[in-house]
Amino acid sequence: MNLQHSTPASAAALAALKARSPKARPDELIPDVDPARIPRHVAFIMDGNGRWAKARGLPRVLGHQQGAQVVRQVVEACDDIGIEYITLYSFSLENWKRPKAEVEALMQLCIAYLETEEEDLKRNGIRFRVIGRREGLPKPVIDAIDRVTERTAMGTRGALSLAINYSGRAEITDAARWLAREVAAGRLHPDDIDEDKVAGCLYTSGMPDPDLLVRTAGERRISNYLLWQISYAELHVTDVLWPDFGIAELHTAIRDYATRVRRFGAVEEETRVPQPAPHGPGDLHLRGERVPPR
């Protein structure tokens with residue numbers, strides 16, 4: 001471990017990471033980052049696949065295929081530094097507006113990805129789940145999702161979630177409908193509805209909220225993604241297109257996150273950990289706060 005992080009809290013954090021994931025070695029891969037400041041949950045908006053392909057004179061679908069290859073690399077790199085939860089924005093409700101041929105190619109790419117990664121996810125102890133509406137998805141996609149979800153359910157080293165047929169507003173709407181039905185059936189009193197009950201009705205129920213949201217391709221917007229869950233997440237935006245996003249870019253995002261002063265809604269000053277690595281050009285750093293875990 002880096003000497004500047006040789007504190008009881010840092011040592012305990014590193015031990016916890018290695019206990020959960022024995023192959024995790026953040027002390028070797030990013031020794032300038034305090035293990036106590038590695039985020040538990042990172043969400044990604046994987047933007048720029050189409051632009052990557054267009055810049056090379058290739059069909060858009062080839063950009064998506066290249067992006068799928070990056071997913072494996074990023075998931076492995078997150079596991080290597082002890083990130084426990086990864087959520088990827090794969091296909092939004094709005095994406096159905098794209099050309100039919102592209103949508104069909106994306107559905108086939110989803111099936112192919114699950115078939116390719118199923119054994120690795122199971123072998124590496126990674127639990128898989130999908131967040132989003134099942135209605136409207138082709139049956140082969142649903143079958144592939146259900147198969148991989150079931151086969152990886154006993155994983156204990158981490159969790160990979162794909163947001164497919166997903167919309168943050170739709171998610172909150174679905175939660176409101178479920179709560180309304182419970183009230184109408186007399187099983188729930190309106191005054192008993194609090195943030196915990198709403199969170200328990202979301203697609204992400206049982207998962208901690210993201211600590212860090214990473215968006216590629218330079219777009220400065222949330223795009224209807226995890227609207228409830230990222231209320232206090234730190235944001236990192238990079239100009240790098242998703243097919244070019246690699247381990248170095250991931251580590252840059254983690255270093256950026258580790259420099260943030262997170263007051264959790266309070267006013268006490270918190271010591272900023274100095275990070276010598278410079279941020280890449282075009283990175284956007286926005287400060288956020290996060291409520292303490294419930």
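Details
- Identity of the residue in the range 9-33, among the charged types (D, E, K, R) and under 21 Å from the mean Cα position of the chain (by Cα), that ends up nearest to I254 (Cα to Cα): R25
- Criterion applied to D209, D196, D191 was being of a type in the set (D, E) and assigned to a loop (DSSP other than H, G, I, E, B), and the one residue passing it is D209.
- Only one entry in G132, G48 is more than 20 Å from T204 (Cα to Cα), modelled with pLDDT of 95 or more and among the small types (G, A, S), namely G48.
- The residue that is surrounded by the most Cβ atoms within 10 Å (Cβ to Cβ), counting only those in the range 212-224 that are part of a loop (DSSP other than H, G, I, E, B) and out of contact with any helix residue (DSSP H, G or I) (no Cβ under 6 Å at 6 or more places or on another chain), is A217.
- Identity of the residue in the range 99-132, surrounded by fewer than 16 Cβ atoms within 10 Å (Cβ to Cβ) and among the basic types (K, R), that ends up nearest to S21 (Cα to Cα): R123
- Out of V33, V70, V74, one residue alone is modelled with pLDDT of 95 or more, buried (at least 16 other Cβ atoms within 10 Å of the Cβ), of a type outside the set (F, W, Y) and outside any helix (DSSP H, G or I). It is V33.
- Within the range 225-247, the residues that satisfy the criterion of being out of contact with any Asp or Glu (no Cβ under 8 Å at 6 or more places or on another chain), surrounded by fewer than 23 Cβ atoms within 10 Å (Cβ to Cβ) and in a loop (DSSP other than H, G, I, E, B) are Y225, G246.
- Scope the range 128-175; condition in a strand (DSSP E or B), in contact with a helix residue (DSSP H, G or I) (Cβ under 8 Å, 6 or more places away or on another chain) and of a type outside the set (A, V, I, L, M, F, W, C); matching residues: R129, G158, N165, Y166
- Every test in (1) at pLDDT 55 or above; (2) small (G, A, S); (3) surrounded by 15 or more Cβ atoms within 10 Å (Cβ to Cβ); (4) within 27 Å of R169 (Cβ to Cβ) is passed by A258 save one, and that test is (4).
- When the criteria are applied in full, I142 meets the requirement of being under 21 Å from L93 (Cα atoms), surrounded by 12 or more Cβ atoms within 10 Å (Cβ to Cβ), free of Cβ contacts under 8 Å to residues at least 24 places away in the same chain and of a type in the set (A, V, I, L, M).
- Meets criteria (surrounded by 14 or more Cβ atoms within 10 Å (Cβ to Cβ), assigned to a helix (DSSP H, G or I) and more than 21 Å from the chain's Cα centre (by Cα)) for W96: no
The values are calculated or read from the model by the stated rules, or taken from the named source; none is laboratory data. Just so it is clear, the structure is predicted and the values come from calculations on it, not from any experiment. So basically every Cβ, Gly included, is an ideal-geometry build from the backbone, and we count neighbours across all protein chains shown.
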